[in-house]
Amino acid sequence: MRRSIRLQNLHKTTLHSPIPPTSSDRSDTLASTKELGQWDVLPHGLGAKGDLLDGGLIDQQIGINSSSKIVKKSKTTTAKVSSRRGQPNGVGFGGQVTSKRLFTQITKSGIAPKDSVDPKSSYTPEGQQISKSQQFPENSLAPKISSTQETSSNINTLFKQEPLLTPEPSSIAETGQASAPNSESNTQPLSKKKVDSLTDLLDRVDNIVRSDAKKKKKHPYQINYKESPFPDHTSPTPEQCEEVYQLLSQKHGAIEQPTQIPAPSLEVTGCGEVPDLLDAILRTLLSAATSSTNSNKALLGLKNTFGLRTSREGIESINWEAVHKADEETVIKSIWSGGLAVLKGRNIKSILDIVFAQNCERRDALLKEKSDGTVANIPGVEHLTREQKDDEVSRIKENPYSLDWIFELRDASEAMDELVKLPGIGVKTASCVILFCMKRPSFAVDTHVWRHCKWLGWVPPKANRNQTFNHCDLSIPDHLKYPLHQLFLKHGKECGRCRANTHAGTEEWEKADCPIEHLVNRTEAKKQLGYKAAPKRKFSEVSDESESGEN
């Protein structure tokens, strides 16, 4: 029904309809240039200097007259569809050029006529102010233009009106009044061929708008929770994952995820396997890009400088409130022995600032909701009862350095999105926290895991860490994500062939008993048979060469 109405109304329109003319009508349109007053840029964006502008680009995108001589490709003007069944942005109803961007551009380039008027502007080129009623009087046949949204209103509604005729812009600039053009000389019925072309154009615009509406904002780390970056890569299958798990567990022992998270260690930083979420995040941050020995020293430095919490929220974890109130120099000094102290110290301070501000915002929103009924527009409270919301307010008052609200997010992907917003927290750290602290399935990819996934052919050789996480997290069964992570970590540290610093031909290599030897393909040069390590050079030899060499 909608389609038939649209077709009937198309016959009522003129050559000045809001849809760009088809290729068969371009010659007629250009031939009428002199009758319209020798404009350099016509109302439709046509003309010797206009070169179709946005209108022409629309035709290029949808395939109409893409080879026409008058179509000029432009890198600076891009036609965009602004609403469903609306017009391309930049082409106004009744032939007016309504894009402020386009008007400014052609004015700066010197091709706009002197007496032209920006439909969105209340000034003439000479600087004289004109009112909206002067630009488009109520009795004018030109459409009233107040915003971009109005110019892109429903096209079906426009087709139900009388044919829109375009007033000559020069008359507006000179008199402030829009006079109706001669309808006998400027109008003619549309042919059936043109109706079919315009109908096809409208359908194409509909499809473009629908596809644009489906596009979502990209993840900051380009993680797609529903599709792998390697959709044609079939490994790992559940059977392959089970086989590797069985082989490694026979070598290193079976590993099961604990049902209850242990109390935080005061000597071992770990990778987030502690009860308090904020404590888990900051401990994992300390352990990043350094050895466990160094990260343990950093944790001990924080403990000695700031002490531990004693309340029910985050008990026996670092007193992060004291860390937040301390100056940055003191924090950096306390973790200096852990490596990367300046960067990590600044990130810790920034995270504590953000967490404190978030909790204050959540408290105020929940209290306002309780007092006047204004819905709290904060994540993680949609399904909570009034009593649960009151309990969160009480917990925030007791400890404003908590991230427990993230536990209320029902999906691990939502938790990941919130965690990676924090400075210094990437996909690997967030995945570890989700796996170890929140006890939700997430295949955290550290150095050992990444190396084994490539050797096993579970990802392409050039896959980076985040791509490896994205692909394997979608492929590996949930019940195997925790044990495989732990087994890869243990095996990567102990196996004489899978350790990073071992190489073929050594005694350790020959004595190693790797249970997955028949499954892996180690591609590094040092892992190949016949590899010969470069002899270690003595300090005296290096000194002699430096002295005898050229400056």
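The values are calculated or read from the model by the stated rules, or taken from the named source; none is laboratory data. Quantities reported herein were computed from a predicted structural model and do not represent experimental measurements. Every residue, glycine as well, gets a Cβ built from its backbone with ideal geometry; the counts of neighbours run over all protein chains shown. Each accessible area value is taken on the protein alone, full model and side chains, heavy atoms only, with ligands, DNA and RNA left out. Shrake-Rupley method; radii C 1.70, N 1.55, O 1.52, S 1.80 Å.
If I ignore ligands, DNA and RNA and count only protein heavy atoms, how much of HIS233 is accessible to a 1.4 Å probe, in Å² to the nearest 10?
That residue has around 60 Å² of solvent-accessible surface.
Given the pairs LYS421/LYS526; LYS481/LYS527; LYS333/LYS368; LYS493/LYS532; LYS421/LYS527; LYS428/LYS527, which span a C-alpha to C-alpha distance of over 31 angstrom in this model?
LYS421/LYS526; LYS333/LYS368; LYS421/LYS527
Tell me the net charge near LEU300. Cut-off is 14 Å between Cβ atoms, LEU300 excluded, with +1 for each Lys or Arg and -1 for each Asp or Glu.
Net of charged neighbours comes to +3.
Sorted by average packing, counted as other Cβ atoms within 10 angstrom per residue and highest first, what order do 517-525, 433-441, 286-294 take?
In decreasing order of mean packing, 517-525, 433-441, 286-294 become 433-441, 286-294, 517-525.
Count charges around TRP450 for me, please; just the other residues with Cβ under 10 Å from its Cβ, Lys/Arg as +1, Asp/Glu as -1.
+3
Ranked highest first by average number of other Cβ atoms within 10 Å, how do 238-245, 508-515 line up?
238-245, 508-515
Can you tally the net charge around GLU267? Count Lys and Arg as +1, Asp and Glu as -1, for every other residue whose Cβ sits under 15 Å from the Cβ of GLU267.
Numbers: positive: ARG283, LYS297, LYS303; negative: GLU273, ASP279, GLU316.
Residues close to GLU267 contribute a combined charge of 0.
Computed over the Cα atoms, what is the radius of gyration of segment 302-370 divided by 2.2 N^0.38 Å, N being its residue count?
Values: Rg = 14.2 Å, N = 69, 2.2 N^0.38 = 11.0 Å.
Relative to the 2.2 N^0.38 Å estimate, segment 302-370 comes out at 1.30.
Report, by chain and number, residues whose modeled amide H sits under 5 Å from the one on LEU308, excluding near sequence neighbours (fewer than 5 apart, same chain).
ASN319
Given points 7 Å out from each Cα along the Cα-Cβ axis, report the GLU508 to GLN246 separation in nanometres with one decimal.
3.1
Could you state the number of Å between the C-alpha centres of segment 407-457 and segment 489-524?
Between the Cα centre of segment 489-524 and that of segment 407-457, the gap is 26 Å.
Taking the solvent-accessible surface of protein heavy atoms with a 1.4 Å probe, what is the per residue accessible area of segment 355-464 in Å²?
43
Mind ranking 365-372, 338-345 by how tightly packed they are, going by the mean number of other C-beta atoms within 10 angstrom, highest first?
Going from most to least packed, we get 338-345, 365-372.
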